Amino acid sequence: MLLKSLRKERKKILITAAVIVIAAVAGIGMNIARLPETFDQLTARVDKVQFLDRSGIPLNASYRNYWNVHDAMRLYDMPPLLVKMFVFAEDKNFYSHHGVDWFARLSALAQNVKAMRIVRGASSITEQVVRMIEPRSRTVFSKIVESVDALRLERRFSKNDILEFYLNQVPYAANRRGVRQASLYYFSKTPDRLSVREMAALVVLVRAPSLFDLYAKNDLIDRRIDRQLKIFAQQGLIGAEELSAALKEKINLSRVELTVSAPHFLEYVRSLDFQAGRAVETTLDAFLQKKVADLTEKRLQSLKHKNVSNAAVLVVERKTGNILAWVVESTDKNTAAVNAVLIPRQPASAQKPLLYALALTKGMTAATVIKDAPFARTVGSGVHHFKNYSRTYYGDVTLRQALGNSLNIPALKTIEFVGVQTYFDFLRELGFSHFEQKADFYREGLALGNAEVTLPELIRAYLMLANAGVLKPLYAFKGQEGEAEKRVLPETAATLIGNILSDPLARQLEFGIDSVLNFPVQTAVKTGTSTDYRDAWAIGYNADFVAGVWFGNLTYEPMLDVTGASGPGLLLRSVFTELNKIQNSGALYLSPRLEKRIIGNVSEYFDPDVAETSFFDGEKIALLSPQNAIMLAFDPRVPAEYQEYPFTVSSLPEKASVLWFVDEKKIAETQEDTFFWRLEKGSHTVRAQVVLENGEIIDLPRHRITVQ
């Protein structure tokens with residue numbers, strides 16, 4: 001009876017034990033890590049992208065990724081002594097066990113029992129790698145599962161692969177991972193340049209990354225480094241002299257800094273559709289970026305007294321469209337974060353080369369004569385009298401002179417010849433996408449750059465001119481997809497514009513013979529200054545590069561007399577000086593299809609494939625002022641008898657006279673084209689009759705005006 005009872009009890013115990021074993025095995029099976037097929041499969045996860053310049057120089061530093069995806073090293077590139085130190089200190093039997101060092105574990109257990117507390121761990125390097133892959137709470141059960149995973153990991157990967165992964169991913173303070181990141185963080189050195197003491201420091205710091213940080217300096221870390229160095233010496237890893245020097249050495253901490261700052265460029269790149277990976281190789285040239293940024297900062301500081309707060313510079317490679325420098329500088333901390341390169345502003349005269357390039361395809365030539373004389377047009381219910389920047393009129397000028405000297409009146413007459421809508425459509429084809437209104441809103445003012453554009457839009461248009469009429473996209477990173485290249489101008493027209501913009505004689509009327517825009521190497525240069533000095537531009541290109549500079553205030557405050565030539569023009573000259581150090585540029589390309597002819601005493605280029613159109617530069621006899629439907633108002637500060645308004649007839653022939661009528665009453669007869677009428681309140685009709693020398697009378701249309 002007793003025997004039977006014992007048998008039942010033993011059976012119950014065996015069944016219980018079996019259940020426990022099965023449950024344990026099942027638990028381990030359910031909790032083992034899903035090991036990667038390759039370590040690269042793990043580190044392919046990128047939370048924060050690293051951006052590199054065109055030569056591989058980092059443009060940003062991020063330590064928010066779970067894995068070290070940017071600063072990994074091959075095992076054979078790591079200092080052999082550093083590798084030996086880690087293996088000895090962390091897992092001296094690493095190359096002899098199969099994932100778990102059972103002897104080390106038993107020894108650690110004995111020490112912990114004797115001390116009645118945990119004084120030593122015994123995780124192998126392989127087990128530490130498992131813990132990185134699959135973090136678990138620290139329990140006896142998790143330790144068992146970890147051991148199983150370590151055995152599995154060593155069946156899948158070689159010892160060197162595991163060790164390489166460990167040395168690249170082992171955690172340090174400040175979210176650094178791996179020996180390279182730690183070496184740069186503490187010492188501003190790559191691991192191959194570390195001293196013996198610095199190597200030992202990296203070994204000690206991994207013991208407690210959350211507690212041990214050399215920047216939180218304490219004697220405990222120094223003592224532990226000294227102790228570890230002595231152990232290395234006892235084991236023969238370092239000699240007596242190396243030990244003595246290492247113990248005396250004072251660690252000098254030095255954080256590595258980025259060699260270049262390009263936050264606004266990176267902001268732009270992040271907005272694009274790029275393939276995220278370990279790193280994105282951009283087109284930026286870090287050396288040029290830093291140089292241009294320094295030049296821009298200095299120039300901006302020199303103009304601070306002129307109320308200039310913001311500057312933007314963009315440099316592009318001509319052949320490829322690759323962006324080489326993207327600089328944003330500000331003396332105003334409130335606008336420093338704004339990406340000024342992308343802010344639409346009025347380009348003013350910087351846009352004129354595009355108008356004249358289009359005009360060359362419509363029948364105008366570089367020798368076409370345009371009259372530079374006073375010019376007015378209706379704007380709303382008023383009249384705007386256009387002027388050149390210098391307020392000087394030069395009479396008959398050629399298209400070459402009109403563009404070279406950036407004269408406003410010839411540009412307005414040229415857009416009338418081309419057609420406002422035609423020019424507007426051409427600009428849209430070039431990629432000017434920030435026009436908020438239709439062509440009839442901007443009217444003739446489009447010739448003077450009254451519609452806002454961004455610096456990249458303007459640079460791309462100049463890139464088209466530099467590439468003989470072929471429109472290309474701008475690229476910010478390698479492999480970026482862009483619009484297909486297309487020809488938008490014949491090479492004759494595009495290259496002739498470059499010839500004009502690089503001709504010192506063409507600009508001497510307004511800029512002088514020794515202009516700051518006359519660069520040492522042939523460079524096509526154009527400036528622009530918007531109304532009230534709110535924007536100042538300088539854009540240029542040579543045989544290899546296109547560059548543009550904008551100065552102004554993002555608050556739209558006017559600058560103090562800063563023009564495109566006096567402000568950004570000097571900076572553009574300095575930028576091209578640096579570019580010519582990179583590439584010794586030659587002459588600008590000029591289409592061989594252009595024919596050279598002598599016109600008067602000068603030679604000029606002509607496109608034999610474009611039929612020259614007769615350019616009518618003169619207005620028909622017309623009542624220019626007052627404009628029809630204009631509204632005038634008395635100035636209460638001025639006595640009524642002194643308030644007069646000019647009535648003007650345009651293109652009055654010699655020896656002709658004008659009869660002036662107000663409300664059908666003849667009020668005056670003049671031999672000049674202008675009569676000053678004393679204002680009278682109310683609604684009026686105004687008309688004029690022109691009496692020619694032969695007695696012929698020309699009746700001009702009646703205009704209605706209102707005086708309030």
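Regarding Ala493, is this residue under 28 Å from Leu594 (Cα atoms) and without any contact (Cβ under 8 Å) to a residue 12 or more places away in the chain? No, not satisfied. Can you tell me which residue within the range 577-588, out of those that are in a helix (DSSP H, G or I) and hydrophobic (A, V, I, L, M, F, W, C), is surrounded by the fewest Cβ atoms within 10 Å (Cβ to Cβ)? Among residues in the range 577-588 that are in a helix (DSSP H, G or I) and hydrophobic (A, V, I, L, M, F, W, C), the one surrounded by the fewest Cβ atoms within 10 Å (Cβ to Cβ) is Ile582.
Restricting attention to the range 540-558 and to residues that are surrounded by fewer than 22 Cβ atoms within 10 Å (Cβ to Cβ) and not charged (D, E, K, R), the residue that is farthest from Gly404 (Cα to Cα) turns out to be Thr555. Restricting attention to the range 411-425, the residues being out of contact with any Phe, Trp or Tyr (no Cβ under 9 Å at 6 or more places or on another chain), closer than 28 Å to Ala547 by Cα and either crowded, with 20+ Cβ neighbours inside 10 Å or modelled with pLDDT under 95 (or both) number 1. Among the residues of the range 260-307, those identified as under 21 Å from Val549 (Cβ atoms), touching a residue at least 24 places away in the same chain (Cβ under 8 Å) and among the charged types (D, E, K, R) are Glu267, Asp285, Lys290, Lys291, Glu297, Arg299, Lys304, Lys306.
The criterion of being at pLDDT 55 or above, of a type in the set (Phe, Trp, Tyr) and over 30 Å from Leu151 (Cβ atoms) holds for Tyr63. Of note, Ala536 does not satisfy the criterion of being over 27 Å from Thr331 (Cβ atoms) and assigned by TED's automatic domain parsing to the domain that holds Ile582. Of the residues making up the range 512-523, just one is crowded, with 21+ Cβ neighbours inside 10 Å and either closer than 15 Å to Pro568 by Cα or more than 29 Å from the chain's Cα centre (by Cα) (or both), namely Leu517. Kindly indicate the residue of the range 475-490 that is of a type in the set (A, V, I, L, M) and in contact with a strand residue (DSSP E or B) (Cβ under 6 Å, 6 or more places away or on another chain) and also farthest from Glu317 (Cα to Cα) among those meeting that condition. The selected residue is Val488.
The lone criterion from (1) modelled with pLDDT under 95; (2) under 14 Å from Trp537 (Cβ atoms); (3) not hydrophobic (A, V, I, L, M, F, W, C) left unmet by Gln346 is number (1). Checked against the criterion of being in contact with an Asp or Glu (Cβ under 6 Å, 6 or more places away or on another chain) and either among the hydroxyl-bearing types (Ser, Thr, Tyr) or outside any loop (DSSP other than H, G, I, E, B) (or both), the candidates Lys291, Lys298 yield just one match: Lys291. Restricting the search to helices (runs of 4 or more DSSP H) fully inside the range 127-236 and requiring at least 1 residues that are surrounded by fewer than 20 Cβ atoms within 10 Å (Cβ to Cβ) and among the β-branched types (Val, Ile, Thr) gives 140-156, 219-234. Exactly one residue among Lys620, Lys681, Lys666, Lys655 is free of Cβ contacts under 8 Å to residues at least 60 places away in the same chain and closer than 30 Å to Thr361 by Cβ, and that residue is Lys620.
With respect to being among the charged types (D, E, K, R) and closer than 30 Å to Lys230 by Cα, Arg255 fits the description.
The values are calculated or read from the model by the stated rules, or taken from the named source; none is laboratory data. Because the structure is a prediction, the values reported are computed rather than measured. Note that we place each Cβ from the backbone using ideal geometry, even for glycine, and neighbour counts take in every protein chain shown.
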